[in-house]
Amino acid sequence: MEKGRENRIHGQGLKDHIRAFCEARGADLVGFASAERWDDAGEVPPDFRPQAIWPPARTVIVIGLEMPLPIVEATPSVLHKELYRTANRELDALAYGLTRHLNRMGHASFFFGRDVYASLKALREEPIAAFSHVMAAKYAGLGTIGASHCLLTPEFGPRVRFVSVFTAAAIPPDPLVEKDLCVKCGLCCQCCPKKALKMRNDRVLADYDKMECLGMAEVLTRRGCYPCGICTKVCPVGKDRKLYKEKGIRAKYLKEVEALAANPDDPAYKSWTHMRKYGLVRENVEPASRKGEGGKRRDP
Ligand code: SF4
Ligand code: SF4
């Protein structure tokens, strides 16, 4: 520890070191935001900003892990739930490891864990996250927020999860992504099973009914296949689409509910329905067209 403190590195050198540290441990994305960005933007309520949560914070390091598209496409499924849990565990381990590494180097650090809430009941009572990794990723230059309220990245669109490490070290921030990545195609709104998202003409962000979305999450949790994530599945943004390219995928998404209602064994959807068929609790979930319960938590 003392030796590390004597050899402290700063600024761009520290940034390069952190990026290499995270990438060597499997991070797909790493971005840096100065704590001032929260104040400059004024979008996040003051109590939810890094320096309100941990006053020494000068930089927030955001780490992202990809959610591979073919598994997201199988949602709702136990496979998708396990991917979600694995990504969260990996992110927490990355953040914990980086925090301890920075502390050993003499840079006081703190991390905000991935999903810091006790239960969906707790979210229903207080439907706001204590800290938004989505906003942190935006201020760290990793992407822009789309109509679906998810962060869209050039690499994976919204199919990526984030965790944040706060440090007292001042590190040069990454440039913000200036141009909106959302192409306003409306697919996230059209395919939402609870119609929790509604496109608007006057802004990128759709109107979002948190309680409808949360209700969907509650239904899927009872079945053992939370989260929903259909809005992340259908988004056309992201280079991962090129890797997993499939002709006619937009029409396939749009016709899915109708096609499976007509024929649950429709061969076009066989790989997804196979993954949905086994390992989860059978319970009637309302059809996509009907309103009732809702879908996923949103950060503030
Ligand atoms: S699905 Fe379309 S409208 Fe929705 S976030 Fe993605 S690009 Fe934007
Ligand atoms: S996660 Fe929520 S907003 Fe997204 S598609 Fe599902 S219910 Fe709709």
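The values are calculated or read from the model by the stated rules, or taken from the named source; none is laboratory data. Just so it is clear, the model here is predicted, and its values are computed rather than measured. Please note: Cβ atoms are built from the backbone with ideal geometry, for glycine as well, and neighbour counts cover all protein chains shown. For accessibility, only protein heavy atoms count, side chains too; no ligands or nucleic acids. Shrake-Rupley method; radii C 1.70, N 1.55, O 1.52, S 1.80 Å.
Structure above, values below:
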item	result
Environment charge at PRO68 (Cβ cut-off 10 Å; Lys +1, Arg +1, Asp -1, Glu -1)	-2
Overall form of the range 168-226 per C-alpha gyration tensor (a/c, 1.5; a/b vs b/c)	oblate
Cα gyration tensor category, rounded, prolate or oblate, for the range 1-125 with a/c compared to 1.5	oblate
Among the listed pairs LYS138/LYS270; LYS184/LYS245; LYS81/LYS247, those beyond 29 Å (Cα-Cα)	LYS138/LYS270
The range 190-244 - accessible surface per residue (Å², probe 1.4 Å)	44 Å²
Rounded to the nearest 10 Å², the accessible area of VAL281 at probe 1.4 Å	80 Å²
DSSP H segments from the chain that extend 30 Å or more along their own axis, Cα-based, with Kyte-Doolittle mean of -1.0 or above	78-104
Of all accessible heavy-atom area on the range 41-87, the percent that carbon and sulfur account for (1.4 Å)	57 percent
Net charge over other residues, Cβ less than 15 angstrom from the Cβ of ASP92 (K, R count +1; D, E count -1)	+4
Largest-first principal axis extents, alpha carbons of the chain, Å	69, 36, 36
Of VAL219, VAL177, VAL116, the one that fluctuates the most in a GNM where the chain has Cα springs shorter than 10 Å	VAL116
The range 86-231 shape via C-alpha gyration tensor axes, a/c threshold 1.5	oblate
